[in-house]
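To keep things clear, I will list the structure first and then write my remarks on it.
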Amino acid sequence: DEISIRYARDLSNKAIAEKDTMAIDKVWMDNFFILSSGDEMVEGKAKNRKLFVDTFQSRPDAVYVRTPDQIHVYNAWNMASEMGTWEGSWTGSEGKVEVGGTYYAKWHKVKSQWLLRAEIFTATYCRGGAFCASQPINNQR
């Protein structure tokens, strides 16, 4: 099962690297959600696909990679956790932006296929331009 999850993660990273917005959601459940490092929560497969479409249009050289460090499978409930590090980069108006940190992903086994239910990202560094100088909106309350 861990090998299957790592394979699904590789497919996800490949779809992002190739900016393949038709393949990007192949490992997502219909009710998949992301809580971004900027504290934006996006719920649902269609809305998350649109998020990537919009990102790739506004940041054509954007790259995001998730690298799993630990995967724990609980077969009795057909679920697993994945923890690791992530990196993102793109060229902004002020030059290269690099941001990254840690993430947590929750997987569910559905009809013998491992699918993502949720991903939560926390930034631990940010370098480059105004993007890094501004705190996420939810942190300013």
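The values are calculated or read from the model by the stated rules, or taken from the named source; none is laboratory data. As the structure is a computational prediction, the values presented were derived from the model and not from experiment. Positions of Cβ are backbone-derived with ideal geometry, glycine not excepted, and every protein chain shown enters the neighbour counts.
Filter the range 23-33 down to the residues that are in contact with a helix residue (DSSP H, G or I) (Cβ under 6 Å, 6 or more places away or on another chain) and outside any loop (DSSP other than H, G, I, E, B) and list them by number. Break it down into steps so the answer makes sense when it comes.
Step one: filter the range 23-33 for residues in contact with a helix residue (DSSP H, G or I) (Cβ under 6 Å, 6 or more places away or on another chain), giving 23-25, 27-28, 30, 32.
Within the range 23-33, W28, D30, F32 meet the criteria.
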Next on the checklist: I'd like the full set of residues that are out of contact with any strand residue (DSSP E or B) (no Cβ under 8 Å at 6 or more places or on another chain) and on the phi < 0 side of the Ramachandran plot, limited to the range 101-140.
Outcome noted: Q113, A133, S134, Q135, P136, I137, N138, N139, Q140
Next on the checklist: Where the second residue is among the small types (G, A, S) and part of a strand (DSSP E or B) and the first is without any contact (Cβ under 8 Å) to a residue 24 or more places away in the chain and more than 12 Å from V27 (Cβ to Cβ) and lies in the range 101-119, which pairs have Cβ atoms under 7 Å and are six or more apart or on separate chains?
Outcome noted: Y104/S81
Item to check | Long-range neighbours under 6 Å by Cβ, at least six apart or interchain, first residue at positive phi and modelled with pLDDT of 95 or more within the range 14-33, second not hydroxyl-bearing (S, T, Y) and not in a loop (DSSP other than H, G, I, E, B) | outcome: K19/F56
Checklist entry - Out of all the residues in the range 38-69, which are within 16 Å of V27 (Cβ to Cβ) and in a loop (DSSP other than H, G, I, E, B)? => result G44
Checklist entry - Does the range 66-78 contain at least one residue that is of a type outside the set (V, I, T), modelled with pLDDT of 95 or more and on the phi > 0 side of the Ramachandran plot? => result yes
Checklist entry - Taking K19 and the conditions (1) surrounded by fewer than 14 Cβ atoms within 10 Å (Cβ to Cβ); (2) touching a Phe, Trp or Tyr at 6+ places or on another chain (Cβ under 8 Å), which numbered condition does it fall short on, given that it satisfies the others? => result (1)
Checklist outcome for this item: Reported set for the range 49-86 where residues are aromatic (F, W, Y) and farther than 26 Å from C126 by Cα is Y74, W77
Checklist entry - When the residues of the range 109-122 are filtered to those that are surrounded by 17 or more Cβ atoms within 10 Å (Cβ to Cβ) and not charged (D, E, K, R), which remaining residue is farthest from E43 (Cα to Cα)? => result W114
Next on the checklist: Looking at S93 and the list (1) farther than 26 Å from S4 by Cβ; (2) touching a helix residue (DSSP H, G or I) at 6+ places or on another chain (Cβ under 8 Å); (3) surrounded by 14 or more Cβ atoms within 10 Å (Cβ to Cβ); (4) among the hydroxyl-bearing types (S, T, Y), which single condition is not satisfied?
Outcome noted: (3)
Checklist outcome for this item: Checked the range 73-112 for anything outside any strand (DSSP E or B), under 13 Å from G128 (Cβ atoms) and of a type outside the set (D, E, K, R); matches are S93
